[in-house]
Structures are given as structure tokens and as C-alpha cells.
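Please read the structure below before turning to the comments.
The values are calculated or read from the model by the stated rules, or taken from the named source; none is laboratory data. From a predicted model like this one, the values you see are computed outputs, not experimental measurements. Quick reminder, even Gly has a Cβ in these numbers, built from the backbone with ideal geometry, and neighbours come from all protein chains shown. Heavy atoms of the whole protein, side chains included, go into the accessibility calculation; ligands, DNA and RNA do not. Shrake-Rupley method; radii C 1.70, N 1.55, O 1.52, S 1.80 Å.
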Amino acid sequence: MDNILNDNKKAKFLFLDQYGIKHINEKVFKTLINSPKTDFIFFISSSIVTRFSDIPEIKQYIDINNIKIVEDDYDKSHLIVLEYYKNLIPKDMEYYIHGFSIKRGANYYGLIFGSSHSLGMEKFLDVCWKYDKFSGESNHNINKDSTFFGIRSKNKENKIAQNIWKLVLNGEIKTNKEGFKYTIQN
């Protein structure tokens, strides 16, 4: 498998459908993000991670001690798990990762997609925004956006637009490409 993942001449897409949380640990995740021309998507039981984050059986796979968990805020479970994986990416590495939270009954699951290329992330985000026109990240109201006559506001789009505006004015974003990359990373 390593020789396939390390092949720089072939594009690869991995779909990893794990039962629970144990198969995409830190070592596996770092192997995936360091494999050239490799996009991946995996399913994870996010609410299990946040509900039982202090149990050694969970910590051996995902240690989210540095991420704030708000008690009884399980609807944000997938955002917390996604943040854990984002923190595993080296700061100097250009890499794109995004998640999509799925509520089913009382439980929260999610998809995590990773790509070293902006086009791969753009395509994933296109699909996410088709299913969630308000934030592109869940099949439920994950950010608890206010509703007005049943219509949720587009707070996430407004927040990103305001951030880009500030970054352009501060000179931190200088080109359209930099603005595009900021947008798909956020």
C-alpha cells in the first residue's frame, strides 16, 4: 500500500468507511496528508469522540485534550473532531481539509475530506453547499443560526466575507488566488 500512496505519477482517492473511530489515528492521518496526489474522505462517529474523550480507549486513537468541549453541546461534535485533525497538519504545509456533520437521531457523525489541491477541495465544498445552503457543513443547524420565519441567515458567508475584507485591507491577502485559498480553507 505504501508504494501506491507514494507514487507521484498517479492520482489516488481513498474512501475509508471506519466503524467507530479507531482506524484513522494520528499516524494514518499523517500518512494520508503526506501522500502525493491523494485525496481522501472518511466517515467518523464524532459524538463518540466528544462524549467519551477522557476514556483511555478513545484517547489511544484521538486525543482531543487541547480542544475545548462544551458539555451538552454535542451538535458541534464533528466540528471538534475536525479541529483535532486540522491541528495535525503542519503549519507550513498547504493542505485543505473540511468536514460535513451528519445528525442521525441523537448521534452526530461526519465526513472528513482532505486534499493537497485546491480543486479537490472546491469540488467537495460544491457538494457540501448543495446539501447545506447556509454553512456548507451539516445536515442540521450546527451553528444555531437565528431563524426568521423559518429562514436561517447566512452568517458563515458574511463572516468569511468580512474576514477577507479585513485581510485584504491589512495586506495579508494580496492576490485573488490567496483570497480563494483562504475561502476554501475556511
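Structure data summary
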read-out: Tabulated pairs, the stretch 165-182, first under 17 Å from LEU119 (Cβ atoms) and assigned to a helix (DSSP H, G or I), second acidic (Asp, Glu) and open to solvent by 80 Å² or more (accessible area, probe 1.4 Å), C-beta under 8 angstrom, 6+ apart or interchain; value: LYS181/GLU94
read-out: Test: residue in the stretch 101-110 that is open to solvent by less than 10 Å² (accessible area, probe 1.4 Å) and either in contact with a His (Cβ under 7 Å, 6 or more places away or on another chain) or of a type in the set (A, V, I, L, M, F, W, C) (or both); value: yes
read-out: Answer residue from the stretch 33-47, given it is surrounded by 14 or more Cβ atoms within 10 Å (Cβ to Cβ) and out of contact with any helix residue (DSSP H, G or I) (no Cβ under 7 Å at 6 or more places or on another chain) and is nearest to TYR96 (Cα to Cα) among those; value: ILE33
read-out: Flag if LYS76 is under 20 Å from GLN185 (Cα atoms), at pLDDT below 90, in a helix (DSSP H, G or I) and of a type outside the set (A, V, I, L, M); value: yes
